[in-house]
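Participant: Handing you this structure, nothing more for now.
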Amino acid sequence: MARTAKVARRPPKADRLEARVTPEQKQIIARAAALRGSSVTEFIIASAQQAAAETIKEFEVMTLRDEARDAFVNAVLHPPAPNAAARAAVRRYLKQFGR
């Protein structure tokens, strides 16, 4: 009995990106793509996707070091009691949104 291999189907590519570049920019991009063994398009898409993921991570992930990390952990583990302003804010919230 013959077994057929399952082929992973990629979603269709419907959206298009365009960019105008200088001859020098195109040359260096083409050289980098060739060194990686990919097409210019594959190289640009992979590079843009990686840069996008890194940019999103920079804006969504908070990294703390030394004293800042210690202060954050201490505040989470031992939060201060709510002061008068915090209690007033809770009352306003409950009055406005009810609960």
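Participant: Looking only at the stretch 51-76, filter to residues that are among the acidic types (Asp, Glu) and farther than 30 Å from residue 17 by Cα; which one of those is surrounded by the most Cβ atoms within 10 Å (Cβ to Cβ)?
Facilitator: 70
Participant: If you go through the stretch 81-99 one residue at a time, how many are surrounded by 10 or more Cβ atoms within 10 Å (Cβ to Cβ) and small (Gly, Ala, Ser)?
Facilitator: Looking only at that region, the number is 3.
Participant: May I ask you to list the residues in the stretch 16-50 that are exposed (fewer than 13 other Cβ atoms within 10 Å of the Cβ), aliphatic (A, V, I, L, M) and in contact with an Asp or Glu (Cβ under 9 Å, 6 or more places away or on another chain)?
Facilitator: none
Read-outs: derived from the displayed coordinates by stated rules, not from any lab. Just so we're clear, the structure is a prediction, and the values are computed from it rather than from any experiment. In this analysis, Cβ positions are derived from the backbone assuming ideal geometry, glycine residues included, and neighbour counts consider all displayed protein chains.
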